[in-house]
């Protein structure tokens, strides 16, 4: 594995674990409510802006993954879409780059 691919993989793992540690702490304090989490993202203009930014970025990343994966026929790269929407862009983007840079036969 090349150093670049290893870097992408490490970033994908960090991008999954680090943000999830904050979510876990929030859920432990406030209960396991997804609606409560969404409400927390709407408490002020700063959090609304951040949430909107991530939503638009996630949509753009998803479109890019679909378009490029269809051309490259690197079907395993589609795994980055659920990673983006379930875990977050901090995991989905480096995971996609990791999967995209693998040798395709």
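Within segment 1-25, the residues that satisfy the criterion of being more than 20 Å from residue 92 (Cβ to Cβ) and not in a loop (DSSP other than H, G, I, E, B) are 3, 25.
Going residue by residue through segment 50-65, is there one that turns out to be without any contact (Cβ under 8 Å) to a residue 24 or more places away in the chain and not in a helix (DSSP H, G or I)? No. The number of residues in segment 1-53 that are at pLDDT 95 or above and in contact with a helix residue (DSSP H, G or I) (Cβ under 7 Å, 6 or more places away or on another chain) comes to 7.
Going through (1) surrounded by 13 or more Cβ atoms within 10 Å (Cβ to Cβ); (2) at pLDDT 95 or above; (3) more than 13 Å from the chain's Cα centre (by Cα) one by one, residue 74 falls short only on (2).
A single member of 49, 31 is on the phi > 0 side of the Ramachandran plot, exposed (fewer than 12 other Cβ atoms within 10 Å of the Cβ) and over 16 Å from the mean Cα position of the chain (by Cα), and it is 31. Selection of first residues in segment 77-105 that are in contact (Cβ under 8 Å) with a residue 60 or more places away in the chain and of second residues that are exposed (fewer than 15 other Cβ atoms within 10 Å of the Cβ) and outside any helix (DSSP H, G or I), restricted to Cβ pairs under 9 Å at least 6 apart or on distinct chains, gives the following pairs, ordered by first then second residue: 101/2; 102/1.
The values are calculated or read from the model by the stated rules, or taken from the named source; none is laboratory data. Predicted model only: the values in this text are computed from it and were never measured. Cβ sites come from the backbone with ideal geometry, for glycine too, and all protein chains shown count toward neighbours.
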